[in-house]
């Protein structure tokens with residue numbers, strides 16, 4: 001074997017060794033994230049509600065939900081990524097339609113979403129509270145702040161109409177089967193209050 005061939009062989013061996021070490025390290029890091037995510041999910045998410053099965057939503061929906069919960073539960077970016085890694089690693093059937101994607105709703109299954117928007121200050125204040133409790137700013141801009149995962153809610157009642165806004169709050173997938181917005185199981189009173197709050201920002 002001449003010198004250039006020996007050098008090429010040595011470089012090839014070194015590259016394989018480096019790739020193997022990098023792949024092992026990556027796998028170890030991923031396993032650590034999954035374990036850390038399971039710990040955070042059990043310790044923090046269970047404080048406010050019953051922890052949901054990873055199979056309840058698709059991988060894509062968990063991305064939106066963890067982004068939303070980062071705001072609501074005050075998670076760090078590292079904690080959020082670890083929780084997402086855990087949920088996606090244990091979601092053994094990520095392609096299965098979730099209950100929401102299959103058309104199920106937990107809020108208002110069938111209802112008349114028309115009607116006037118309340119201007120009662122108490123109702124508007126309640127809507128503001130609900131928007132905060134459900135961390136709408138985690139995915140949407142309201143005023144000058146918020147996330148950009150979903151569309152801006154500035155002027156949304158004027159753009160879409162109160163009926164469509166109410167319908168969207170009741171069943172996020174009614175007009176978009178690919179929507180990543182979770183169904184929050186809102187009551188009609190809560191839906192009307194949030195709609196009134198969003199409309200009040202336009203006046």
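The values are calculated or read from the model by the stated rules, or taken from the named source; none is laboratory data. Note that the coordinates shown come from a computational prediction; the quantities given were computed from them, not determined experimentally. Methodologically, a virtual Cβ is constructed for each residue, glycine included, from the backbone with ideal geometry; neighbour enumeration extends over all protein chains shown.
Got at least one residue in segment 110-128 being modelled with pLDDT of 90 or more, touching a strand residue (DSSP E or B) at 6+ places or on another chain (Cβ under 6 Å) and either not assigned by TED's automatic domain parsing to the domain that holds residue 73 or not in a helix (DSSP H, G or I) (or both)?
Looking through segment 110-128, none of the residues is modelled with pLDDT of 90 or more, touching a strand residue (DSSP E or B) at 6+ places or on another chain (Cβ under 6 Å) and either not assigned by TED's automatic domain parsing to the domain that holds residue 73 or not in a helix (DSSP H, G or I) (or both).
Check whether at least one residue in segment 156-179 is in a loop (DSSP other than H, G, I, E, B), modelled with pLDDT of 80 or more and touching a strand residue (DSSP E or B) at 6+ places or on another chain (Cβ under 7 Å), and report yes or no.
If we filter segment 156-179 for residues that are in a loop (DSSP other than H, G, I, E, B), which is where we start, we get 161, 171-179.
Of the ones still in play, those that are also modelled with pLDDT of 80 or more are 161, 171-176.
Now restrict to residues that are touching a strand residue (DSSP E or B) at 6+ places or on another chain (Cβ under 7 Å): none.
No; the residues of segment 156-179 include none that is in a loop (DSSP other than H, G, I, E, B), modelled with pLDDT of 80 or more and touching a strand residue (DSSP E or B) at 6+ places or on another chain (Cβ under 7 Å).
In this structure, is residue 162 touching a residue at least 12 places away in the same chain (Cβ under 8 Å) and within 25 Å of residue 62 (Cβ to Cβ)? Walk me through how you get there before you give the answer.
Numbers: touching a residue at least 12 places away in the same chain (Cβ under 8 Å): yes; within 25 Å of residue 62 (Cβ to Cβ): no.
The answer is no for residue 162.
Quick one: count up the residues across segment 166-186 that are free of Cβ contacts under 8 Å to residues at least 40 places away in the same chain and touching a helix residue (DSSP H, G or I) at 6+ places or on another chain (Cβ under 8 Å).
Qualifying residue count for the region: 3.
Can you tell me which residue is nearest to residue 154 (Cα to Cα) among those in segment 180-203 that are in a loop (DSSP other than H, G, I, E, B) and under 23 Å from the mean Cα position of the chain (by Cα)?
The first filter runs over segment 180-203 and keeps only residues in a loop (DSSP other than H, G, I, E, B), leaving 180-187, 201-203.
Now drop any that are not under 23 Å from the mean Cα position of the chain (by Cα), which leaves 180-187.
Details: 180: 19, 181: 17, 182: 20, 183: 21, 184: 20, 185: 23, 186: 21, 187: 23 Å.
Across segment 180-203, the extreme among qualifying residues is 181.
Just to check your reading of the model, which residue among 201, 137 is under 19 Å from residue 73 (Cα atoms), touching a strand residue (DSSP E or B) at 6+ places or on another chain (Cβ under 9 Å) and either in the same structural domain as residue 58 (by TED's automatic domain parsing) or surrounded by fewer than 21 Cβ atoms within 10 Å (Cβ to Cβ) (or both)?
Working: 201 fails: under 19 Å from residue 73 (Cα atoms).
Step by step, each of 201, 137 is checked, and only 137 is under 19 Å from residue 73 (Cα atoms), touching a strand residue (DSSP E or B) at 6+ places or on another chain (Cβ under 9 Å) and either in the same structural domain as residue 58 (by TED's automatic domain parsing) or surrounded by fewer than 21 Cβ atoms within 10 Å (Cβ to Cβ) (or both).
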